Amino acid sequence: MIKTIGLFPNPTKENWRKVTEKIISFLQKKKTQIVMDPAFLAKYPLEGIKNGASLDDAEIIISLGGDGTLLQLVGSINNYDRPILGVNLGTLGFLTEFTVDSLHEILDKVIKGDFRTQRRIALHSAVIRNNKVAAENIALNDVVIGHEKLARLLSISVFFDEKYVTTYKADGLIVCTPTGSTAYSLSAGGPIVEPTLEAILLTPICPHTITNRPIIIPADKSIRITLPKPGIDAAMTIDGQICVQIKRDDEIEIKQSPKNINLITSSTTSFFGVLQKKLGWNESDNSNLQ
């Protein structure tokens, strides 16, 4: 039995309060302890919740919003291996596959421990400045290196396990997980990768040379990135949530995080089913196939 559940609502969603209060009422009837961030409750008081606590104290965390909300949650917790239930308050998401209509049914199963999780790898990124770590973050989707202000070509040198690979001349570079392959990387021409694979993708953004193509490498490879041309304003964005300025002579190190993200998944929805719905793929007529 699950005794403590954390709630992470997105207050910018139109119906977030109504849905959150329904969940609170349901969980309280089930004698389940509810954990919410104290700073959030101070700004958005909720009936039935008086005191907040760290979401890291929860056995399971419910993300209420969209894919962006779930990514924000991942960036704000320390216990990344806590199972996360993504509830979409809009349309079906790649990460938040559960809807409000099915909420009571899935919550009842979750409280009983009747659920399955899918393990997703994450990326650990670090900016090394003057031989010290200036910033480090965890990304479930992607780490993007690009210009901070002006849109113009960057020279981005890439090393795998300290072996030089190439220097991209492009608007930027996306380093992503298989989970992030259906996000920014897909828009930039990267491949779709089944999200449970352990791999890292590198997708250049508008490369100046047509032979600069996306690369897929094993997840156990370490990646080092430098910008050989000094004096160019650049930035690193983590999951579209956090922006870190890249200064002259900085180095960026990216590798698989030692901790994984565990998403609670539906037994009726597959990754390819989501692709068919989100990307408008039509199912083939297989009636004539033997």
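Filter the stretch 29-56 down to the residues that are closer than 19 Å to residue 113 by Cβ, more than 26 Å from the chain's Cα centre (by Cα) and in contact (Cβ under 8 Å) with a residue 12 or more places away in the chain and list them by number.
If the condition is that a residue be closer than 19 Å to residue 113 by Cβ, more than 26 Å from the chain's Cα centre (by Cα) and in contact (Cβ under 8 Å) with a residue 12 or more places away in the chain, then 30, 32, 33 are the ones that fit.
Looking for whichever is closer than 18 Å to residue 105 by Cα, surrounded by fewer than 19 Cβ atoms within 10 Å (Cβ to Cβ) and acidic (Asp, Glu) here; the options are 14, 21, 47. Which one fits?
21
So residue 180 passes all but one of these: (1) of a type in the set (Gly, Ala, Ser); (2) at negative phi; (3) under 19 Å from the mean Cα position of the chain (by Cα); (4) in a loop (DSSP other than H, G, I, E, B). Which condition number does it fail?
Failing condition for residue 180: (4).
Looking only at the stretch 41-64, count every residue that is at pLDDT 90 or above and either touching a Pro at 6+ places or on another chain (Cβ under 7 Å) or in a loop (DSSP other than H, G, I, E, B) (or both) and tell me the total.
6
Being in contact with a helix residue (DSSP H, G or I) (Cβ under 6 Å, 6 or more places away or on another chain), assigned to a helix (DSSP H, G or I) and farther than 19 Å from residue 185 by Cβ, is that true of even one residue in the stretch 111-124?
No, every residue in the stretch 111-124 fails to be in contact with a helix residue (DSSP H, G or I) (Cβ under 6 Å, 6 or more places away or on another chain), assigned to a helix (DSSP H, G or I) and farther than 19 Å from residue 185 by Cβ.
Would you point out the residue of the stretch 230-246, among those that are outside any strand (DSSP E or B) and surrounded by 15 or more Cβ atoms within 10 Å (Cβ to Cβ), that is modelled with the lowest pLDDT?
Ranking the qualifying residues of the stretch 230-246, first place goes to 232.
Out of all the residues in the stretch 247-267, is one or more outside any strand (DSSP E or B), touching a helix residue (DSSP H, G or I) at 6+ places or on another chain (Cβ under 9 Å) and more than 26 Å from residue 173 (Cβ to Cβ)?
Yes, the conditions are met somewhere in the stretch 247-267.
Condition first: crowded, with 23+ Cβ neighbours inside 10 Å, more than 16 Å from the chain's Cα centre (by Cα) and under 30 Å from residue 11 (Cα atoms). Can you find one or more residues in the stretch 111-126 that meet it?
No, there is no match, as no residue in the stretch 111-126 is crowded, with 23+ Cβ neighbours inside 10 Å, more than 16 Å from the chain's Cα centre (by Cα) and under 30 Å from residue 11 (Cα atoms).
Look at residue 222 and say whether it is at pLDDT 95 or above, more than 24 Å from residue 278 (Cα to Cα), small (Gly, Ala, Ser) and out of contact with any Cys (no Cβ under 7 Å at 6 or more places or on another chain).
Here the answer is yes, as residue 222 does meet what is asked.
Would you please name the residue that is surrounded by the most Cβ atoms within 10 Å (Cβ to Cβ), looking only at residues in the stretch 50-73 that are farther than 22 Å from residue 102 by Cα and polar (S, T, N, Q)?
Across the stretch 50-73, the extreme among qualifying residues is 72.
With 141, 131, 137 as the choices, which residue is farther than 18 Å from residue 228 by Cβ and more than 24 Å from the chain's Cα centre (by Cα)?
The match here is 131.
The values are calculated or read from the model by the stated rules, or taken from the named source; none is laboratory data. Computed from a predicted model, the values in this text were never measured in an experiment. Positions of Cβ are generated from backbone atoms using ideal geometry, with glycine treated the same way; all protein chains shown enter the neighbour counts.
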